[in-house]
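The values are calculated or read from the model by the stated rules, or taken from the named source; none is laboratory data. Since the model is a prediction, treat every value here as computed from it, not as a measurement. Quick reminder, even Gly has a Cβ in these numbers, built from the backbone with ideal geometry, and neighbours come from all protein chains shown.
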Amino acid sequence: MMDMFDSFLTDAVQSDFFAGGLALGAFGIAVAALRVAAIAFYQLIMRRVWVSLTLDNRSVAYRHFCIWMEHNNVLSKSRHVRMTDGRWASGTKGYAPAPGHHWFLTHGRICCLERQINDRSKVGASHNQRPMETLHVTVLFGHVSTLLGWIETGRQIAMSKDRVGPGRHILKGDYWDNAGDIPRRSMDTVVVDDGRVQRVLDDMRWFYSASDWYAERGVPWRLGYLFHGPPGTGKSSLIRALASELSLDIANLDVGKATLSDDDLREAMMCTPQRSLIAIEDVDAVFTQRSVGEKRSGISFSGLLNAIDGVAAQEGRALIMTTNHKDRLDPALIRPGRADVHTELGLVNSATAKLLFDRFFPNEALLATQFQTRLGSQKTSPAEIQGWLLANSSDPSRAALATGLLSKFNGVAAE
């Protein structure tokens, strides 16, 4: 057998056809090896001379980058655009670069923008869904800090030109969706009988500038608030006013969603948008006592506690919980470290109610005094007072009688 194989191999080697095939095969292998080496070398060089950044329209940074591009007209010479149903990103025009590659030169740097649109994947709230879009930006001989600087510039432009108030972010699955801005609210629109609202503002302003203070003492940079009181006393209004005054966004977290898991909550708390405060409103509607809370939501009570102050909990963002019934909450949820500052927003007296009347009718001092006298020692929620004044905004004399307020609380019709 071996003799036959040796004879076959000898004849094959002496064959010009076999030798040519062998040489051709060796040449093909060499070319393939060179091709692989060339690709690897090219990729190495490209990674050295190009920096890249990928954004998608689930991130607020996407909008800021789009605003920066439009402000600097970097794609003004683009010959391929796509019309949009609305604006490409809030604060931009009604058209955008078409999907594909777009080259541009800015600040002496050669850049390439690749835009991809996935119509099968949707982002945004159910009433305002839009296709998933991805931007891949590369810069020749650039730096990551350059790209981040462009995004920061876009953020500042957005704040100075088209921002009407705090940005509102809603958790959608595994990402925070920018639901747009909400109107600014002044701190003096939150009425209380004393200076507690101002103390909360001063406290929170210090917190957002105190990262070094916390680091020097080796403690987590966290601060939790509990706003409690009857309905209509201004808990949600205070959240909006604080965000407006401190130029913060509001990250609304609905811990009662059945689809929200402990892992989702932990990830959400870790990636909350920068310069924001986290708001969990009406937490008593979801978690009361521990034994009940474990079953009333997609998340567990222990999952909520760990998300607030666990090892991987968020830092640098204040957490605000609100409740109408503080007495129903488990003490573990509102202890120091989770809710460090408890602020009650209660019913207001007639002197404070008079301030609201003055705001609605600034030139009716006598009627404002009458309004205060009519209320007497009665305490009323700011929402009830505001509702009555709005209903009688064209008739200050009737508003001063406070008829609706007195009959509501005394159970009899006032004169």
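Conditions tested, residue by residue: (1) in contact (Cβ under 8 Å) with a residue 40 or more places away in the chain; (2) more than 19 Å from the chain's Cα centre (by Cα).
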site	(1), (2)
Val190	yes, yes
Gly195	no, yes
Leu201	yes, yes
Tyr208	yes, no
Ala215	no, yes
Val219	no, yes
Arg240	yes, no
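Report the residue count in segment 358-397 for those that are loosely packed, with under 13 Cβ neighbours inside 10 Å and either of a type in the set (A, V, I, L, M, F, W, C) or in contact with a strand residue (DSSP E or B) (Cβ under 7 Å, 6 or more places away or on another chain) (or both). Spell out how you get there, then give the answer.
Step one: of segment 358-397, the residues loosely packed, with under 13 Cβ neighbours inside 10 Å are 362-363, 365-366, 373, 376-377, 390-391, 393-395, 397.
Restricting the remaining residues to those that are either of a type in the set (A, V, I, L, M, F, W, C) or in contact with a strand residue (DSSP E or B) (Cβ under 7 Å, 6 or more places away or on another chain) (or both) gives 365-366, 390-391.
Adding up the residues that qualify gives 4.
Taking segment 163-182, which residues are touching a helix residue (DSSP H, G or I) at 6+ places or on another chain (Cβ under 8 Å) and either over 29 Å from Glu384 (Cβ atoms) or surrounded by fewer than 15 Cβ atoms within 10 Å (Cβ to Cβ) (or both)?
Gly167, His169, Leu171, Gly173, Asp174, Trp176, Asn178
Conditions tested, residue by residue: (1) of a type outside the set (Ser, Thr, Tyr); (2) assigned by TED's automatic domain parsing to the domain that holds Arg328; (3) within 21 Å of Ile334 (Cβ to Cβ).
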site: Arg199; (1), (2), (3): yes, yes, yes
site: Arg205; (1), (2), (3): yes, yes, no
site: Ala210; (1), (2), (3): yes, yes, no
site: Tyr214; (1), (2), (3): no, yes, no
site: Gly218; (1), (2), (3): yes, yes, no
site: Arg222; (1), (2), (3): yes, yes, yes
site: Phe227; (1), (2), (3): yes, yes, yes
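Return the only residue of Arg335, Arg317 being in a loop (DSSP other than H, G, I, E, B) and touching a strand residue (DSSP E or B) at 6+ places or on another chain (Cβ under 8 Å). Let's see the steps before the verdict.
Working: Arg335 fails: touching a strand residue (DSSP E or B) at 6+ places or on another chain (Cβ under 8 Å).
Only one candidate qualifies: Arg317.
Go through segment 341-373 and give me each residue that's over 37 Å from the mean Cα position of the chain (by Cα) and not in a helix (DSSP H, G or I). Spell out how you get there, then give the answer.
Initial filter on segment 341-373 (over 37 Å from the mean Cα position of the chain (by Cα)): 350-351, 354, 361-373.
Correct list: Phe361, Pro362, Asn363, Glu364.
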Legend entry - Hey, Phe65 surrounded by 10 or more Cβ atoms within 10 Å (Cβ to Cβ) and modelled with pLDDT of 80 or more or not: yes
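Taking the residues in segment 246-277 that are among the charged types (D, E, K, R) and either assigned by TED's automatic domain parsing to the domain that holds His64 or out of contact with any Ser or Thr (no Cβ under 8 Å at 6 or more places or on another chain) (or both) as candidates, determine which candidate is nearest to Arg328 (Cα to Cα). Break it down into steps so the answer makes sense when it comes.
Step one: filter segment 246-277 for residues among the charged types (D, E, K, R), giving 249, 254, 257, 262-264, 266-267, 275.
From the residues that got through so far, the ones that are either assigned by TED's automatic domain parsing to the domain that holds His64 or out of contact with any Ser or Thr (no Cβ under 8 Å at 6 or more places or on another chain) (or both) too are 254, 263-264, 266-267.
Details: Asp254: 19, Asp263: 26, Asp264: 26, Arg266: 24, Glu267: 28 Å.
This residue is Asp254.
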